[in-house]
1. Could you run through segment 126-157 and say how many residues are surrounded by fewer than 19 Cβ atoms within 10 Å (Cβ to Cβ) and more than 15 Å from ALA205 (Cβ to Cβ)?
2. Going by the structure shown, is VAL123 touching a residue at least 60 places away in the same chain (Cβ under 8 Å), among the aliphatic types (A, V, I, L, M), in the same structural domain as THR251 (by TED's automatic domain parsing) and in a loop (DSSP other than H, G, I, E, B)?
3. Would you confirm whether any residue within segment 160-167 is farther than 30 Å from LYS137 by Cα, among the β-branched types (Val, Ile, Thr), assigned to a helix (DSSP H, G or I) and over 21 Å from the mean Cα position of the chain (by Cα)?
4. Criterion first (of a type in the set (Lys, Arg), surrounded by fewer than 18 Cβ atoms within 10 Å (Cβ to Cβ) and at pLDDT below 85) does LYS330 satisfy it?
5. State which residue is farthest from GLY305 (Cα to Cα) when the search covers only segment 342-369 and only residues that are among the β-branched types (Val, Ile, Thr) and buried (at least 19 other Cβ atoms within 10 Å of the Cβ).
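The values are calculated or read from the model by the stated rules, or taken from the named source; none is laboratory data. Worth saying up front: this structure is predicted, and the values here are computed from it rather than measured. Counting neighbours? That spans all protein chains shown, and the Cβs are built from the backbone with ideal geometry, glycine included.
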Amino acid sequence: MTNIWTGLSKPAGLEKSRIEDYFDFAFAALPHKILQPEKFITEVEKLGTRFRVGHRAVREHGLDQELDGGVFLPEYHRRIPADGFSVYAEGVWDQIVNNKDLDLPTQQELLAQFRCDEISREVLEAFDVSIAPLEEKQAEGVRLGKPAVLKDLGTAGKAARVKSIKAFEVEASRYHKGVYSRKRVELEGKIDTRLKALYHGQLSAAHKSGVTSFSDAVSSAVKAGQKKGASYEFAEIVEREKKVALKQFETEARSLAIEGVPWTNFKSQYNLYGKDLDEVSGRLRKEEMRRLASRVERWVRSRLGDSVGLEFNKLGSGRGGSGAPETGEKPATEKDLWDRIWNLFTATVKEAEIRFTERAKSFDADEDEIEVGLWRLRRKSWGVLRARIDEEVMEGNILLKLRENFEDKFRYDEGGVPRIWRPTDDIEGMYTKAKDSTTHLFLY
């Protein structure tokens, strides 16, 4: 081999170079395989022990060096893991056979890409085994229209992610560092894409179920307060249940958080959830405001019905069966009937407005909502008054009041004592006076 090297054409400046400047040689003599098969096997086994790390040893004369301990010297190392050496060697040999420029660093990168891709596929297959059932379960809930919140999804997702990345790191970190780093980022991206879709589906389900639970909890608390007949604070109920709903959603979001992964802070989802709870709170408040308005309107209807009825009943003596008391305090004059009814109406509406406003403020209603509610209350109250008056002045009722009033003026004196008519009494004058009083009764 030295003679062959000497006869080779060398580049300028390397004409005197030796083969030993580029190659290390080690030789082993083996017994004849056919004539001495047993010794041959024994020596081959001994030869196998030489394929390990060694070092250079100086010969006795100090002129040359020989290998001691093993044939693999530290300077030979190209950072090629043993499981990838065959692929690396194959690529190098292909370069030699095809008479191309041999670029060992490029071969190392190509090897790293090949092996990292293989390892990444194996890792993703194991990751799929853990995540695919969760994805299927989530998708099934969406198809059925009942998105389900998967139990311990954050724990399972993080465990699968850490396990996959760790497995890739153990196997692939032995290869070219630049390629390994790039492939790790790619692997994390693929894993995070799967987890991101799964986690967003989880938060969407938690969002919907949380809003529904919040609405049901507020409605149940309000109904419980109504059944007990006790005064309940709607705003306090809403605030309490909202805190519970936000806490549950925050707990679920925190369980999905992955340290060092920005998209798992879920702040936007949390803010959107809070806005939806506010919208539901507003809708529930409007419903409660409508119920409050209905209760106040019933109170106004009852109060006006009784008060107006009593004022109209004062017009008669009760002797005609109108329901008015025969005895008791009578109005000084019947001409101010409408003034008394109007004063009752305004006082009742004023009290109703105070009740409505105080209760509405406890609901945390704004000024516009309160003003609209008061406007509707006044309109409904006026309708109640009008209907009650129409009822009182129906033909049958008004004729009964007129007859009773005429009889009170004609048949009874100022003390309510029945008159005893004498021939000298001015019967026609008393009749005319009673008739005029009755005629003018509803004209003022």
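1. Going through segment 126-157 one residue at a time, the tally reaches 8.
2. Spelling it out, it is not the case that VAL123 is touching a residue at least 60 places away in the same chain (Cβ under 8 Å), among the aliphatic types (A, V, I, L, M), in the same structural domain as THR251 (by TED's automatic domain parsing) and in a loop (DSSP other than H, G, I, E, B).
3. Within segment 160-167, not a single residue is farther than 30 Å from LYS137 by Cα, among the β-branched types (Val, Ile, Thr), assigned to a helix (DSSP H, G or I) and over 21 Å from the mean Cα position of the chain (by Cα).
4. Against the criterion (of a type in the set (Lys, Arg), surrounded by fewer than 18 Cβ atoms within 10 Å (Cβ to Cβ) and at pLDDT below 85), LYS330 qualifies.
5. VAL349
Results for (1) polar (S, T, N, Q); (2) under 17 Å from ALA365 (Cβ atoms), shown as yes or no for each residue.
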| residue | (1), (2) |
| --- | --- |
| GLY260 | no, no |
| SER268 | yes, no |
| GLY274 | no, no |
| SER281 | yes, yes |
| LEU284 | no, yes |
| ARG291 | no, yes |
| VAL300 | no, no |
| GLY305 | no, no |
| GLY309 | no, no |
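Okay, residues lined up against (1) assigned by TED's automatic domain parsing to the domain that holds ARG295; (2) without any contact (Cβ under 8 Å) to a residue 60 or more places away in the chain; (3) touching a Pro at 6+ places or on another chain (Cβ under 9 Å); (4) not β-branched (Val, Ile, Thr):
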| residue | (1), (2), (3), (4) |
| --- | --- |
| ARG182 | no, yes, no, yes |
| LYS190 | no, no, no, yes |
| THR212 | no, yes, no, no |
| VAL244 | no, yes, no, no |
| GLU250 | no, yes, no, yes |
| LEU256 | no, no, no, yes |
